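**Q** Take a look at the following structure, please.
The values are calculated or read from the model by the stated rules, or taken from the named source; none is laboratory data. Since we're looking at a predicted model, the values are computed, not measured. Every residue, glycine as well, gets a Cβ built from its backbone with ideal geometry; the counts of neighbours run over all protein chains shown.
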2 protein chains.
Amino acid sequence: MTILRSTRLADGTARGIPDATVARLPVYLRALNALAEQGVLSCASNELAEQAGVNPAKLRKDLSYLGSYGTRGVGYDVEYLRYQIAREMGQTQDWDVVIVGVGNLGSALSAYQGFSTRGIRVAALVDADPQRVGTVVSGIVVSPLDTLDTLVSERQISIGVIATPAPAAQEVADRLVAAGITSILNFAPAIVQVPEGVDVRKVDLSIELQILAYHEQRKASADTSATSKATSKTTSKVVSA
Amino acid sequence: MTILRSTRLADGTARGIPDATVARLPVYLRALNALAEQGVLSCASNELAEQAGVNPAKLRKDLSYLGSYGTRGVGYDVEYLRYQIAREMGQTQDWDVVIVGVGNLGSALSAYQGFSTRGIRVAALVDADPQRVGTVVSGIVVSPLDTLDTLVSERQISIGVIATPAPAAQEVADRLVAAGITSILNFAPAIVQVPEGVDVRKVDLSIELQILAYHEQRKASADTSATSKATSKTTSKVVSA
DNA sequence: CCATGTGAATACTTTCACAGCC
DNA sequence: GGCTGTGAAAGTATTCACATGG
């Protein structure tokens with residue numbers, strides 16, 4: 001809906017990194033971590049871009065929003081750049097999340113290995129089902145839904161994850177907001193309404209597959225039209241992530 | 001990397017729906033289904049847009065790429081529009097997917113209720129671990145990784161889902177491509193390289209949380225700068241999905 | 001009248017191409 | 001010489017505002 005971005009902070013500091021760039025910084029971070037593990041100390045934008053799966057120019061433009069952390073004629077110091085991006089992304093601290101809904105998806109998320117190394121810590125699990133409350137999932141005791149307020153304030157939780165069925169999503173979002181959460185990741189296939197100032201990101205598993213199905217369909221029909229019309233140039237479509 | 005889009009098909013048919021629009025059509029479809037279930041027969045762009053969580057103008061523009069399926073002064077016929085979008089998205093047929101990797105995430109995906117009503121059918125499960133092969137997950141027997149070719153061709157599978165750990169992702173992608181798959185949804189936190197003509201979409205759970213953490217951090221620092229400098233206008237930032 | 005459908009305006013993103021600096 | 005950092009250009013996406021037609 002509405003996106004207001006300050007290009008300049010109140011104090012006059014130039015900020016306001018474009019959304020598209022913010023979404024890629026974690027990818028660069030991961031690529032840099034991989035390089036660091038291989039013992040690579042320095043790299044050029046080409047190499048890093050290749051690792052990250054993006055165009056080198058885009059990588060450089062993205063990094064330019066953070067500052068000038070490279071050396072002309074040389075490249076980037078892996079460790080230094082890694083630190084700068086991590087700092088920008090707020091990864092110098094750990095972020096505690098609460099997962100609401102401990103079904104298949106919620107359980108899988110709570111067991112996900114990739115979070116800890118990215119500054120994400122699953123601090124609490126919550127479920128509305130009394131049958132699940134009290135059970136231990138991934139080493140965490142599941143708490144009842146109405147303890148959200150206490151959990152959030154006591155454990156300094158700043159991010160909520162909705163992993164419930166769709167019908168419960170809006171109520172859970174309301175409760176998260178009431179508990180003071182201002183960032184929500186929603187896996188439920190439902191649109192949740194939140195007050196201004198609260199960020200919601202949505203991950204919808206079927207939608208991703210539906211988008212792929214759409215492209216499959218187009219490929220298929222392009223093929224048939226190509227065979228029926230020998231002179232037609234078929235469309236090649238590549239969307240690399 | 002490279003995105004080539006044909007705005008016009010070989011036969012001259014006007015096509016080439018923008019990517020951003022394609023990504024939203026499933027959302028509209030879901031909203032329409034919800035309305036249909038409530039017994040709503042007709043709706044205006046405002047209502048549908050509200051349900052879908054988008055701007056009405058954007059909705060109308062999106063729909064205009066499909067054709068003129070509304071009635072001026074009235075709105076859209078729910079069932080008719082639903083069918084038109086479904087057809088455009090290739091949802092008049094079912095799409096079979098194979099999930100590679102039956103760990104926590106793969107299991108959760110195979111049990112996911114939301115797929116069947118969206119034209120997605122989990123047709124096969126595959127894992128490299130001999131311990132898992134032969135076990136039954138969500139009613140499907142897990143097959144060994146090297147039977148991919150047979151599975152894909154015999155069951156007409158067109159979409160592959162990678163739900164393995166990161167190090168295995170590239171090899172799995174290669175095998176999927178070798179088996180004839182041209183659409184891949186990758187949940188592994190790794191960039192996979194694929195040949196031209198293969199679509200890859202990536203869902204990265206930690207990245208979504210890292211993006212939220214970034215915004216949290218900005219909110220926090222905006223707050224502190226606001227308290228330290230009473231006259232400064234703080235930035236309000238809302239990104240609704 | 002009223003809500004759609006759409007040109008035109010605006011905003012954002014990507015890519016190019018080269019000046020600038022090591 | 002070579003690679004970064006960045007203006008400028010090209011390509012997409014969103015939003016506005018109103019002509020259009022039921």
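**Q** Can you give me the number of residues within the range B:186-213 that are of a type in the set (A, V, I, L, M) and not in a loop (DSSP other than H, G, I, E, B)?
**A** Result for the range B:186-213: 7.
**Q** Same structure again: If the requirement is being modelled with pLDDT of 65 or more and basic (K, R), which of these qualifies: A:K219, A:K233? So that I can check it myself, show each step before the final result.
**A** Numbers: A:K233 fails: modelled with pLDDT of 65 or more.
Answer to the check: A:K219.
**Q** Pick out the one residue from A:L145, A:L109 that is touching a strand residue (DSSP E or B) at 6+ places or on another chain (Cβ under 7 Å) and more than 14 Å from chain B (Cβ to nearest Cβ).
**A** Working: A:L109 fails: more than 14 Å from chain B (Cβ to nearest Cβ).
Answer to the check: A:L145.
**Q** Do any helices (runs of 4 or more DSSP H) lying entirely in the range A:6-125 carry at least 1 residues that are within 16 Å of DNA strand C (Cβ to nearest atom), without any contact (Cβ under 8 Å) to a residue 60 or more places away in the chain and surrounded by fewer than 22 Cβ atoms within 10 Å (Cβ to Cβ), and which ones are they? Steps first, answer last, please.
**A** Values: elements: A:19-37, A:45-52, A:56-64, A:78-88, A:104-111.
Passing ranges, in order: A:19-37, A:45-52, A:56-64, A:78-88.
**Q** Return the residues of the range A:53-78 that are more than 6 Å from DNA strand D (Cβ to nearest atom) and within 14 Å of chain B (Cβ to nearest Cβ); say none if nothing qualifies.
**A** A:G53, A:V54, A:N55, A:P56, A:K58, A:L59, A:D62, A:Y65, A:L66, listed by residue number.
**Q** More than 16 Å from DNA strand D (Cβ to nearest atom), of a type outside the set (V, I, T), assigned to a strand (DSSP E or B) and surrounded by fewer than 21 Cβ atoms within 10 Å (Cβ to Cβ): is that true of B:R132 in this structure?
**A** It is false that B:R132 is more than 16 Å from DNA strand D (Cβ to nearest atom), of a type outside the set (V, I, T), assigned to a strand (DSSP E or B) and surrounded by fewer than 21 Cβ atoms within 10 Å (Cβ to Cβ).
**Q** Could you tell me which residue of the range A:5-24 is nearest to DNA strand D (Cβ to nearest atom), considering only residues that are at pLDDT 95 or above and at the interface with another protein chain (Cβ under 8 Å from one of its Cβ atoms)?
**A** A:D19
**Q** In the range B:159-185, how many residues are part of a loop (DSSP other than H, G, I, E, B) and either more than 13 Å from every other protein chain (Cβ to nearest Cβ) or over 23 Å from A:K219 (Cβ atoms) (or both)?
**A** Result for the range B:159-185: 4.
**Q** From B:G75, B:G119, B:G70, B:G90, grab the single residue that is within 26 Å of B:A34 (Cβ to Cβ), in contact with a helix residue (DSSP H, G or I) (Cβ under 6 Å, 6 or more places away or on another chain) and not β-branched (V, I, T).
**A** One residue alone meets the criteria, B:G90.
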